[in-house]
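One structure is given here, and the rest of the page talks about it.
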Amino acid sequence: IVSIPQPVVHDIEFSNKLRDKISQVIAIVIRQSKVEELVIAGGGTASGILNRLNISKLIPFQRFSTGAVRMKVNEYPKLNISVKPGSYEWPEQIWND
C-alpha cells in the first residue's frame, strides 16, 4: 500500500508533485517485483501511474460497482489493475476477490 495520509491540499503544483512521486514508486515496484494486483484510487493518480508505466490501453474484465473496474493490460500480462474515482468508496467485493 502506498498512501499519503494528509488532508486535502488545494495546491495544484504540490498535488502534481505528490502524484509524480507516487507514480515513480509504483513504477519501480511493478518493474522489480511480481505484482499481480494494483488498486488505485483517483483518476489523477491512475493517470500518472499508467503514464509512468507506459500503459495506453486498458481491457476491462470485472465491474465492481459504478466507477470501480478491474482491468488487464498488454504490457504486464499477469497484472490486474483496479481503479475508482477518488470521491467514491471502494466496494467491499474488491477486498474479497
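Just a few scattered comments:
- One residue alone among S15, S56, S3 is in a helix (DSSP H, G or I), of a type outside the set (D, E, K, R) and either at pLDDT below 95 or surrounded by fewer than 11 Cβ atoms within 10 Å (Cβ to Cβ) (or both), and that residue is S15.
- Yes/no for V8 being of a type outside the set (F, W, Y), free of Cβ contacts under 8 Å to residues at least 24 places away in the same chain, open to solvent by 30 Å² or more (accessible area, probe 1.4 Å) and assigned to a helix (DSSP H, G or I): no
- Total residues in region 59-97, condition closer than 13 Å to I30 by Cβ and open to solvent by less than 70 Å² (accessible area, probe 1.4 Å): 5
- Among the residues of region 22-40, those identified as touching a strand residue (DSSP E or B) at 6+ places or on another chain (Cβ under 6 Å) and surrounded by 14 or more Cβ atoms within 10 Å (Cβ to Cβ) are L38, V39, I40.
- Pairs where the first residue, in region 14-36, is hydrophobic (A, V, I, L, M, F, W, C) and the second is open to solvent by less than 60 Å² (accessible area, probe 1.4 Å), C-beta under 6 Å, 6+ apart: I26/I49; A27/L53
The values are calculated or read from the model by the stated rules, or taken from the named source; none is laboratory data. Note that the coordinates shown come from a computational prediction; the quantities given were computed from them, not determined experimentally. Here the Cβ is made from the backbone with ideal geometry for all residues, glycine too, and neighbour counts use every protein chain on show. The protein model used for the area step is the full one, side chains on, heavy atoms only, and it has no ligands, DNA or RNA in it. Shrake-Rupley method; radii C 1.70, N 1.55, O 1.52, S 1.80 Å.
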